[in-house]
Amino acid sequence: MKKKIVALVLLLALVSTFFVGCSLFETDANRDYHQVVANVSYDIKDNGSLTSVVYKGEVKTQVNIYGSYFMQSYGWSADEVVEYCFNNVARQKLLLLYAQEYLYLNRNELTSYGIKLIPDGFGFDSLGEWNDFKNKDVKNQVEAYSKFLTVDELRHCIEAVNKQFDESWQDLIEEREKELAKNDGSDGETSSGDEEEPEIKDSDLLTARGQKDRTADDDEDEDYQLNESIKTHSDIVKYFADMYEVELDDSSISNAYFFNYVNSLIRKENNDKAKIMRTALSGLRENLEDQYMDYEYFLVQQMQNQIMDKYTDHVGTLDKVIAEVNKDYDARYKDLVASAITTYNDKDNSAYNTAVGNQTFAYAAPSKDYLQVKSILLSFTDAQKNAITKLAELNSANEDITKILRNAYATGVVPKEYEDMALDVFADLGIKVNVSNPNYDAEDDKLVDAYTDASIEGKEDVYANPSVDYLTVLSAMANDIKAKVDRALDWANSNSMSDVEKYLVKQYASKEAFNDWINLVNDDDGMVSSDVYSVTPEGESTSYVEEYTVLARKLASAGVGAMAIKDYDKNDSTVGNIDYTGTTEILKGGNGAYTLYKQNMTTSVGEFKDELSADVYTLVTASGAEISFIVNEFGIHIVMLAGLPVDENLGDLSQQIKPDPTDETKDKTFYVKNGNYLYEYSVKVEYAKDEEDNDIKTQIEKITVESKTIEEYLKDTLNEELSSNITRLQQLKLFGDNTYISKVDKVYSQIVKELKEAVGE
C-alpha cells in the first residue's frame, strides 16, 4: 500500500532543502549545525534502549521549509514555528525507534513479497548492541540501518538517492550550458569574425502546442518495487553498472553510490561536455558542503524512510486492523453510493462531467448511456474563419451557407453550385495542420524547434508554418492507431487473455495511441488538461455544439476504442490518393489511397426532442483503417469512444464488454450495487529491445493487466486510514511521555532567538 502520512515522511522534507533558494536562516557553520537540541530514547524489551539525537540544524531546516508558510498563512509567532518544527523532528525520530523495535520483535512472522522484513543474520545479539554500534561512529550508520533492510530494499534506497543527486547535477549542467550559450560558448568572450545568423523572434513563430501530461505514474516510481534478481551486494553494483552503462568494481557496494560512478559517465563524453559536467559536479559537492551534508547522510535518511514504510505497511496486517476494515466496509460503501446518487442524480449534471474529466471515480452517473470520449481538433486558420464569416454575411438569405462554407474550407471540396464563388481567393481551401515535434523540449523553449516538417531547407526536423494536409494527418492517424490497437489485441488473443482483459487492453491501447496524436496535432486546449469529456445520451440536453454531439452519440454502438461510426453511407464517396513528400516519420503512414464517405446524421436534445443534424465524414485508408470526423465552427473534430458507465441492470463489466444497442431498459439510473465492479486498472506493455536497448514499439513481448475492484479499493483505503491512525496514536503516546525526550533548553532557545532576529520579531 502507498502511505501518504505526512508526519512520518523523513526524507522528503530533508531532501527538499538540498538547494533551498530562500531561507529564514543563514547557512550554519558545521559546529553550530551539529549542536544537540534534544536527546531521544526509547526503552526496549530486551533491557536496553534505542537512542537518537535532534540536531539544531535539523530543526532549522524544518523552519526553513515551513516557517514562512505558517507565519504568513496562520500568523504564527517564532515561538510557535520552532515548537512545531522541533516536535515534528522529535516525533519522527522517536517513532522510528519504536518502529525498529516492532520490526525486530516481529522479524520472523512478518513478510513482504514472501521475504522476511528483516533478513536472517541480523548480526547483533540485541537491539541494544546494535544501537551502541550505530552511535559509536557516524560512519557506522549506513551499515547499521541496512540490517533492517533486504538487499533489494537497499538497492531501492541507493537508487532513490542517486536519482535525487542526478537530477540536481543535471540542473547544474543545464544552468552551465545556458551560461555558455549566452556568452557564445566562450566563457564571457564574444566570438568575432563569424557572421551571425539572423535572429528569429518568438513573435514570428507559432506558439508551442500544449502537451498532455504523461507523468501520472511518477509517484508510483518512488515506491519500492521488488526486483527478484537482487540477492547480493554484487547484484546491486551490477544493477547500477547496467543502468548507467559503465564499468563498476563490485568489490564494494559503495561503488554504486552516485559520486563513485559519475566520473565514468564523464569520461564517455567529449572534452567540452566533460568540462561542463565536471564543473557542475564540483558545484554539487560545494552545495553539499555548504549544508554540511554528504551522500551517506541522504542515504541514511532514505533507509530510515524505508524502515518507516515497512512499519506502516505491516501494521495493517494485524488481525485487529483487518477485522475493523471488514466491519466498516459495508457501511462505508453504502454511504459512498448514497452520496454519489444524490450528487449525480440530475440529468445533464455538470458535477458528473467534471468528475469524469478529472478522472474521479463517480460511483454513479445521471444515466447509463452517458459517454466518455476523447477528441482532437484540427482548427481553422484565422483567415479561414474570417472568410467563412464574411461570405456567410454576404449570403445571409441562404440559411445553410455557413455549414456549406465550413465544409468547403475544412475539406477543400467545393460543391459544384458554389464553384463560381472562387472561395480559394478569400482563404486557402482545406485545413493544414502544424505537427508538433515529439522531441521538442518545452523547458528549453526554443520555439523554432516546436514543429516538424521537411519542407524547410536546413530544418528537416523543425518548422513554424502549417503545411501538412488534413487528409495526410487523418490517414496517418487512422493507420497508426489501428496498428497499435491490433498489435495489442493480437498479443492478448494469442496469450489467451480473458474477455475483460482484452476489453481493458483495447481501451488502454486506444487511449494511449490517441493521446500520442493529441500531443502531435490537437488544437483543443480543454482536451490537453482533461482526460475525457462526458457526453449526454440521446434525447437529453447537451453543452456541446450540434455536430460534435451527433458524432459522439453515433459512436456509442461501435464499442469502446472506436473512432469511426459503425455504419456509414457508401453511396456518397470520394476516392483519392495522399501524396506527402515530407520525411516526418509519424506521417509516413499517411501515404497512399483513401476513400472518404459522407453521411448526414441526426440526434435529438432537450425536453421537446429538438433535432440536431451534421454531415459525418468517414475516411477509410487502403489498409482498412477507419476514422470519422465532423466539421463545426472550430474546424475538424475527431472523436474516440473512451468509456461507458457500468449499468446496474447488466451485471459486472464482463457482461458489458459487448454493448447491446437494442437494450431499452427504462430505468437508466446507474449505480454500483456491490463491490465487484472495476474501480481502476493499469496495463503495462513490455516491448522487445534493439541492440542499443531501445524499445521496438512494433514488437510486444508481454502485456500485464492489473485491476482493482471497488471492494478492494475501499478496503485498501480503510486499511491505510486505520494503519495511519494506529501509527499516529503510537506516536502521540510515545511523545506524550516527557521521559522519552530530553530537550537542551539552551540550544532550543538559540533557535527561537535566531528566528526572531531573522524575521524582525
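Taken over the range 404-420, residues that are within 28 Å of residue 473 (Cα to Cα) and either out of contact with any helix residue (DSSP H, G or I) (no Cβ under 9 Å at 6 or more places or on another chain) or surrounded by fewer than 17 Cβ atoms within 10 Å (Cβ to Cβ) (or both) amount to 6.
Where helices (runs of 4 or more DSSP H) fall wholly inside the range 28-145, the ranges with 1 or more residues that are at pLDDT below 90 are 30-33, 56-74, 78-105.
Checking each residue of the range 187-204 against the condition of being exposed (fewer than 14 other Cβ atoms within 10 Å of the Cβ), within 30 Å of residue 377 (Cβ to Cβ) and either at pLDDT 85 or above or among the basic types (Lys, Arg) (or both) gives at least one match. Looking at the range 685-735 only, could you name the residues that are among the charged types (D, E, K, R) and closer than 30 Å to residue 336 by Cα? Correct list: 706, 708, 711, 712, 715, 716, 720, 721, 728.
Is it true that residue 375 is under 26 Å from residue 509 (Cβ atoms), of a type in the set (Gly, Ala, Ser) and at pLDDT 90 or above? Don't jump to the end; show me each part of the working.
Details: under 26 Å from residue 509 (Cβ atoms): yes; of a type in the set (Gly, Ala, Ser): yes; at pLDDT 90 or above: yes.
Here the answer is yes, as residue 375 does meet what is asked.
Restricting the search to helices (runs of 4 or more DSSP H) fully inside the range 213-326 and requiring at least 1 residues that are under 27 Å from residue 33 (Cα atoms) and in contact with a Ser or Thr (Cβ under 8 Å, 6 or more places away or on another chain) gives 258-267, 271-290, 295-315.
Name every residue in the range 322-368 that is of a type outside the set (S, T, N, Q), closer than 16 Å to residue 530 by Cα and touching a strand residue (DSSP E or B) at 6+ places or on another chain (Cβ under 7 Å), in order of residue number.
Taking the range 322-368 as the starting set, the residues that turn out to be of a type outside the set (S, T, N, Q) are 322-325, 327-338, 340-341, 344, 346-348, 351-352, 355-357, 361-366, 368.
Okay, now just the ones that are also closer than 16 Å to residue 530 by Cα, so 351-352, 355-357, 361-362.
Hits for the range 322-368 are 352, 356, 357, 361.
The residue list 500, 485 contains one member that is buried (at least 18 other Cβ atoms within 10 Å of the Cβ), at pLDDT below 95 and in the same structural domain as residue 355 (by TED's automatic domain parsing), which is 500.
Can you give me the number of residues within the range 393-430 that are under 18 Å from residue 614 (Cα atoms) and more than 44 Å from the chain's Cα centre (by Cα)? Outline the logic, then answer.
The first filter runs over the range 393-430 and keeps only residues under 18 Å from residue 614 (Cα atoms), leaving 398-415.
Those left that are additionally more than 44 Å from the chain's Cα centre (by Cα): 398-401, 414-415.
Matching residues across the range 393-430 total 6.
If a residue counts only when it is in the same structural domain as residue 356 (by TED's automatic domain parsing) and surrounded by fewer than 18 Cβ atoms within 10 Å (Cβ to Cβ), which strands (runs of 3 or more DSSP E) contained entirely in the range 538-644 have at least 2 such residues?
Details: elements: 573-578, 592-605, 610-621, 626-632, 635-643.
Because the criterion is at least 2 residues that are in the same structural domain as residue 356 (by TED's automatic domain parsing) and surrounded by fewer than 18 Cβ atoms within 10 Å (Cβ to Cβ), the strands (runs of 3 or more DSSP E) in the range 538-644 that meet it are 573-578, 592-605, 610-621.
Residues of the range 49-78 that are touching a helix residue (DSSP H, G or I) at 6+ places or on another chain (Cβ under 7 Å) and without any contact (Cβ under 8 Å) to a residue 24 or more places away in the chain: 55, 66, 70, 76.
For residue 401, state whether it is free of Cβ contacts under 8 Å to residues at least 12 places away in the same chain, farther than 22 Å from residue 674 by Cβ, of a type in the set (Val, Ile, Thr) and surrounded by 15 or more Cβ atoms within 10 Å (Cβ to Cβ).
Numbers: free of Cβ contacts under 8 Å to residues at least 12 places away in the same chain: yes; farther than 22 Å from residue 674 by Cβ: yes; of a type in the set (Val, Ile, Thr): yes; surrounded by 15 or more Cβ atoms within 10 Å (Cβ to Cβ): yes.
Yes: the conditions hold for residue 401.
Taken over the range 707-749, the residue count meeting the criterion of being touching a Lys or Arg at 6+ places or on another chain (Cβ under 7 Å) and surrounded by fewer than 18 Cβ atoms within 10 Å (Cβ to Cβ) is 2.
Out of the range 375-430, which residues are touching a strand residue (DSSP E or B) at 6+ places or on another chain (Cβ under 6 Å) and part of a helix (DSSP H, G or I)? Across the range 375-430, the qualifying residues are 406, 407, 410.
The values are calculated or read from the model by the stated rules, or taken from the named source; none is laboratory data. Here the structure is a predicted model, which means the values were calculated and not measured. So basically every Cβ, Gly included, is an ideal-geometry build from the backbone, and we count neighbours across all protein chains shown.
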